[in-house]
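The values are calculated or read from the model by the stated rules, or taken from the named source; none is laboratory data. This is a predicted model, so every value here is computed, not measured. Glycine also receives a Cβ, built like all others from the backbone with ideal geometry; neighbour counts cover every protein chain displayed. Just so you know, the surface numbers come from the protein's heavy atoms only, side chains and all, with ligands and any DNA or RNA stripped out. Shrake-Rupley method; radii C 1.70, N 1.55, O 1.52, S 1.80 Å.
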Amino acid sequence: MVMNRRLRVCFRVLLGCGASIFALTANSQLDQKPYQQWTADEVEKLLSNSPWAQTQPWVQMHELGPLYKPALSDPMATDASVTVRLRSALPMRQALARLRQLKSKYDKMSDRDRAAFDEKNKPLLECPACSDYYVITVDFPAILKAMTLPEAKLNVQIFDQAGQTRELVHFTQANATGEGIAFFFRRLNEKGEPLLTPQSKKLIVLLGPKFLNTTTSKTVTFDVSRMILNGNVAF
């Protein structure tokens with residue numbers, strides 16, 4: 001009976017620690033080896049479904065316009081997906097840098113060619129804008145309508161769990177890099193405070209109907225506790 005009691009206590013402790021264990025295992029590959037050694041599968045996972053990226057299904061409407069609401073089996077509807085990445089997070093920038101390395105066969109380059117490659121891709125990793133802005137990218141395969149900045153401010157927003165937000169100040173008009181359309185939000189408010197701290201719980205990204213070319217909005221929620229690296233929020 002004493003042993004059974006001990007087992008029950010251990011089981012309750014494990015249940016209580018489950019969320020923390022999950023957060024640690026989600027980031028384990030970041031601690032095990034430098035990004036230059038990440039495999040293609042590891043990079044793909046980080047860029048599609050990780051603490052800093054989410055890919056979610058979406059249904060595109062064709063020809064009949066945004067008011068047409070077909071069933072999923074309707075031939076006028078196409079299964080698509082929306083990928084939202086927290087681009088200013090260092091793990092995202094490292095994953096993108098490693099993706100470029102893999103595509104260019106970096107591991108087989110000479111030392112001279114590697115040095116030239118590293119110099120060319122230094123802006124991606126250093127990201128000077130990231131010190132002032134939260135940057136997210138949205139990869140959506142629909143043909144997007146042109147938006148003005150005021151329209152973008154209404155249709156792409158970020159919030160914490162308390163509804164606090166930051167101003168969108170710029171976005172890319174076209175997907176020239178193949179990494180999604182980038183949106184730049186002020187990092188600090190008028191008091192010099194960031195939107196997210198280690199005590200924050202959620203980051204919510206709102207995609208509005210003008211952006212999605214439909215009648216409804218979509219929200220993508222990130223768990224901030226899974227974004228903590230070295231005691232700081234990696235974003």
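What the table shows:
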quantity	calculated
Sequence-distant lysines (8 or more away, or on other chains) whose Cα lies within less than 30 Å of residue 201	33, 45, 153, 191, 210, 218
Accessible surface ranking that places the most exposed of 103, 33 first, with a 1.4 angstrom probe	103, 33
Overall dimensions of the range 101-235 by Cα: Rg and Dmax, Å	17.4, 53
Point-to-point label distance, residue 39-residue 116, nm (Cα→Cβ direction, 7 Å offset)	3.1
